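The values are calculated or read from the model by the stated rules, or taken from the named source; none is laboratory data. Since we're looking at a predicted model, the values are computed, not measured. Here the Cβ positions follow ideal geometry from the backbone for every residue, glycine too, while neighbour counts run over all protein chains shown.
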Amino acid sequence: MRARRAAILAGGLSRRMGLPKAGIRLLGRPMIAYPLAAAAAAGLEALVVAKKDTLLPDVGAEVLREAEDAVHPLAGIVTALEHTGEPLVILACDVPLVPPGLVAELAERTAPLVVPADPRPQPLVARWDAALLDRLRPALKTGAPLVRLVAELGAEAIAGEELRRFGDPGEIFFNVNDEAGLARAAKLLVPQAGTSSTRAL
C-alpha cells in the first residue's frame, strides 16, 4: 500500500540552540517548513508530531502530541502510526535538505520498513508501517537503540547508486544540531547565502 501521508517529527527543545528545532529560522523560514514542503511536493498529506509542551510555528497541518514522558525518538513514530493506522513516511524536522523525490520513492515502496542507508541507516527519513506496531511498542518501553531496531526488523534499504540518484547523501541527510550546522544548511540550500539567525518561532 502506498503511503498517503508523511509524519514530521518536530521533537522538542534543542539544548544546544535553546529553542525548539521546529521553529528555528533557516533562510527566513521555520526549519520544519522544509520537510513539510518536501512532503507536499511528493504529493503527501502531512501531520506533525511534537513533544507535549513544544511550541510550534504555524505548520498548516494536524498536530499530534507525544506522551508526557516520551524521550525516545521512536515515541513520535509510534504516536503517528497509532493515530493513522497506516504506512507513513517519517521525516525529522531537523533534516531540511531531504529531496521530494526521495520522499516520493519511500511512499511508493511496499515493505513494512524502508530505510535509506548512506551507509548508516537513516530511520528518521524512512517509511514505517503500522503493521510494525506490535514490535515497536515493546522496543519503545525498553529504549532499544533505533538503528539496532531497524536491523532487527529487517528493513529494506535504499542505498548505493539507487540512493545517490536523489543527491549527495552527505547533504540530503545533513542534520542541523547547532549554529554551525544551521549556517552549513543555509549554504547548501542557497550556495550564495550567508548565515541565518536562529531567533524567533
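If you go through region 132-151 and keep only what is assigned to a helix (DSSP H, G or I), free of Cβ contacts under 8 Å to residues at least 40 places away in the same chain and within 17 Å of the chain's Cα centre (by Cα), you end up with VAL147, VAL150. Reported count of residues in region 165-193, each being farther than 20 Å from LEU124 by Cα, in contact (Cβ under 8 Å) with a residue 40 or more places away in the chain and touching a Ser or Thr at 6+ places or on another chain (Cβ under 9 Å), is 2. Every residue in region 110-128 that is surrounded by 19 or more Cβ atoms within 10 Å (Cβ to Cβ) and within 21 Å of HIS83 (Cβ to Cβ), please. Matches in region 110-128: LEU113, VAL114, PRO123, LEU124, VAL125, ALA126, ARG127, TRP128.
Which residue out of VAL63, VAL78 is outside any loop (DSSP other than H, G, I, E, B), modelled with pLDDT of 95 or more and either surrounded by fewer than 17 Cβ atoms within 10 Å (Cβ to Cβ) or polar (S, T, N, Q) (or both)? Full working, then the answer.
Details: VAL78 fails: either surrounded by fewer than 17 Cβ atoms within 10 Å (Cβ to Cβ) or polar (S, T, N, Q) (or both).
So the residue among VAL63, VAL78 that is outside any loop (DSSP other than H, G, I, E, B), modelled with pLDDT of 95 or more and either surrounded by fewer than 17 Cβ atoms within 10 Å (Cβ to Cβ) or polar (S, T, N, Q) (or both) is VAL63.
Please indicate, with yes or no, whether at least one residue in region 152-169 is assigned to a loop (DSSP other than H, G, I, E, B), at pLDDT below 95 and of a type outside the set (Val, Ile, Thr). Show your work before the answer.
Restricting attention to region 152-169, the residues satisfying the condition of being assigned to a loop (DSSP other than H, G, I, E, B) are 153-155, 159, 165-168.
Keeping just the survivors that are at pLDDT below 95 gives none.
There is no residue in region 152-169 that is assigned to a loop (DSSP other than H, G, I, E, B), at pLDDT below 95 and of a type outside the set (Val, Ile, Thr).
Looking only at region 31-63, residues that are in contact with a Gly (Cβ under 8 Å, 6 or more places away or on another chain), in contact (Cβ under 8 Å) with a residue 40 or more places away in the chain and closer than 28 Å to GLU108 by Cβ come to 5 in all. Checking each residue in region 153-164 for being without any contact (Cβ under 8 Å) to a residue 40 or more places away in the chain and within 23 Å of MET1 (Cβ to Cβ) picks out only GLU162.
Applying the set (1) part of a loop (DSSP other than H, G, I, E, B); (2) under 15 Å from LEU102 (Cβ atoms) to ASP53 leaves exactly one unmet item: (2).
Among the listed residues PRO99, PRO30, PRO57, identify the single one that is farther than 30 Å from LYS141 by Cβ, in contact with a strand residue (DSSP E or B) (Cβ under 6 Å, 6 or more places away or on another chain) and surrounded by fewer than 24 Cβ atoms within 10 Å (Cβ to Cβ). Walk me through it before giving the result.
Values: PRO99 fails: in contact with a strand residue (DSSP E or B) (Cβ under 6 Å, 6 or more places away or on another chain); PRO30 fails: in contact with a strand residue (DSSP E or B) (Cβ under 6 Å, 6 or more places away or on another chain).
When all the criteria are applied, what remains is PRO57.
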